[in-house]
Amino acid sequence: MLRDTADFKTNRIDVCYDGTLLKTKLRVLAATHWQITMVLLGAFLVVTSTGVYTNWDAQLEFEAASNVVTHGFPFVTTGLMINQPPLGFYMDAPVFHLAGLSYQHGVGVVTAFGLGCVVLVYALGVLLYGKNTGLVAAALFSLVPWHVYLSRIFLIDNQYLFFSLLALIVGVMALRRQSDKLLLVSGVFFAVAFLTKLFAFFILVPLVLMALYFTRDGKFQLTAKKTLLFLAPTVVTQAIWYGVIANQNFFAVYFSSDFTHPELIADPVLGFLPIALVKSIGWFLLLAAVLALALPLFFRKVFAGRTWLDTVCVVTIVAVAAANLLLVFGFHLKVPYVSVVKYNYVALPFYCLLAASLADKGAQLLSEVKPHRKRELAKSVVVVVGLVLLVAALVESVVFLVEWEGFVSFGVDSVVYYGFEVYSPVADYFVEFHYLGLAVILASLALPLLYNALRLQRSVPPIRSEENGDRNTKQNAQ
C-alpha cells in the first residue's frame, strides 16, 4: 500500500498492477451508481422478454444494412442508396460479420443502443436536475412502450438518439466548464448522430437554450469560433459522405422521396398527435409531466429561479411537435401523420425528465414543510400525488407490454397507425420477466427511502412529556 501522495504519483504503475486503486474505484462506482445498475437490469429483463418485431421500414433498413455487408453500400431493392444517412447501417456491419447476417442479430444491436439510451437519460437527468430525477427518468424511459418496441425492431432510431443524448451531455459539460475541447467532442458526437438520422437536428434545441442561459449569466461566451468548432465535424462528415464517397449531391438526402414524391393526406385528424402520444407514453406519465410543470406556478417562492430547466424540456417537446404538425397540416404529408412515434422519438427523454423532476421537486417541497400548520398540508398532499403518478406510470407501461401481444400499433385509429408486426415471439413464461423487471426497478427506487426512514426512526430518541415526568416524580415522593 502507498502511504503518501508522493509515493502515489511516482508508483502509480505499481498501484494499478496491484489492483488496489482499481478495486477502490470500482467500490466507489458501485456504491454511487448501484441504483442505475438495478434500473438497467430491470430494463434488460423487460426488453429481452419482449418479442422481436418488424414492419416495412424495418425490412427496408435491414436490406440497406445487409448490402453494406455484401456490397459495401446501403443499397435497397431499387438499386439506389436508401434515403437515410448511412452511418447507422455501418454500425451494424461488424456485428453481422462476427455473428452472422440475420435480422435478430441486427435487433440485438438496436436493443444494446436502447439500453445505452437508458444510461444516458440517467446521466442527463443527474447533470440537469439531480440524481433523483435522473434515476426516475431512466426508470420511466426504460419501461415506456414507445421505447421498448423501438428497441425490439430493426430501426436506426435508437442509434441516433444515443449519440444525440451523448452530444447534449458533453455539450452541457462544455458550457459549464467553458471547455473548447469538450465542445469539439460534443460536435463530433452530434456529427455521428446527424449522419445516422437527420432527426438528430432537434437535439440542438436544448443545447442552444442551455448555451443562451449560460451566456446570459456570463458563464459562457457564444462566439463564431466556438460555433464553428461545434459544427465543423458535421459539415466535414456530410461533405465526405455525400460529396466524395456516395458521389451524390450534398443536399440529396435533404430532398428525399418523402418530399419530392410524397404521399399526401387530405383531411388529417386535428388531434392525431396527442392521441398517438397518449397511446405510446401513457396517461400517468403525461399527468406527472403536467403536475411537474404546475408546481412552480403554485409554489413560486419554493421554486423561484429554478424553472429554466423545465423551460428547456418544454421548448424541446414543442419544437419537435411543431415540426411534425407543420409537415402534416402545412404540407399534408402522410408519413409524418402516420409515423408519430418516429418523428417525435427525440422528445421522449424530455417527457421523462419533466415527469421525473417531481422526485427532486417533491423532496424540495417536503424540506419546506413546517409542522403544525394546516396550510402546509397541501405540500405533503402534492408530493404524495406526484409519487403515486410516477409509480402508476411505471405499472401502466408494464401492463401495456404484457397485455398487448402480437401486432402492436400507435396511431389515430384502426386505419391510420404505425404498426409493429411480430417477427419472432417469445414463450409465454417470459411474461413473468416483465413483472420481475418492474420489481427490480421499483426496488432500486424504494430501498433508499426505506433505509433512510428506518435510520431516521432509530436516531430519534423517545420523547417523554413533562406531564408524565411530573406524575412519576409525585408517585416516587409518595
Query raised in the report: Of all DSSP beta bridges located in the stretch 50-425, what percent are antiparallel, nearest 5?
Result: 90
Query raised in the report: Among Leu377, Leu389, which comes first, second and so on when ranked by fewest other beta-carbon atoms within 10 Å?
Result: Leu377, Leu389
**Report entry** Three-way shape call for the stretch 140-201 based on the alpha-carbon gyration tensor, with the a/c threshold at 1.5
**Finding:** oblate
Requested in this report: Would you mind giving the average projected area, over all directions, of the Cα convex hull of the stretch 50-425 in nm² with one decimal?
Outcome: 20.2
**Report entry** the stretch 278-363, dipole about Cα centre (Lys/Arg Cβ +1, Asp/Glu Cβ -1), debye to the nearest 20
**Finding:** 60
Report task. Would you give the gap between the C-alpha center of the stretch 410-440 and the C-alpha center of the stretch 127-169, rounded to a whole Å? Result -> 18
Requested in this report: Let me know the shape class of the stretch 383-457, please: from the alpha-carbon gyration tensor, a ≥ b ≥ c as square roots of the eigenvalues, rounded when a/c is under 1.5, otherwise prolate if a/b is greater than b/c, or oblate.
Outcome: oblate
Query raised in the report: Going by a ≥ b ≥ c, the root eigenvalues of the Cα gyration tensor, does the stretch 84-213 fall in the rounded group (a/c under 1.5), the prolate group (a/b larger than b/c) or the oblate group?
Result: oblate
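None of the figures in this text is laboratory data; all of them are computed from the coordinates on show. What you are looking at is a predicted structure, and each value in this text was computed from that prediction instead of being measured. Cβ atoms come from the backbone with ideal geometry, glycine included; neighbour counts cover every protein chain shown.
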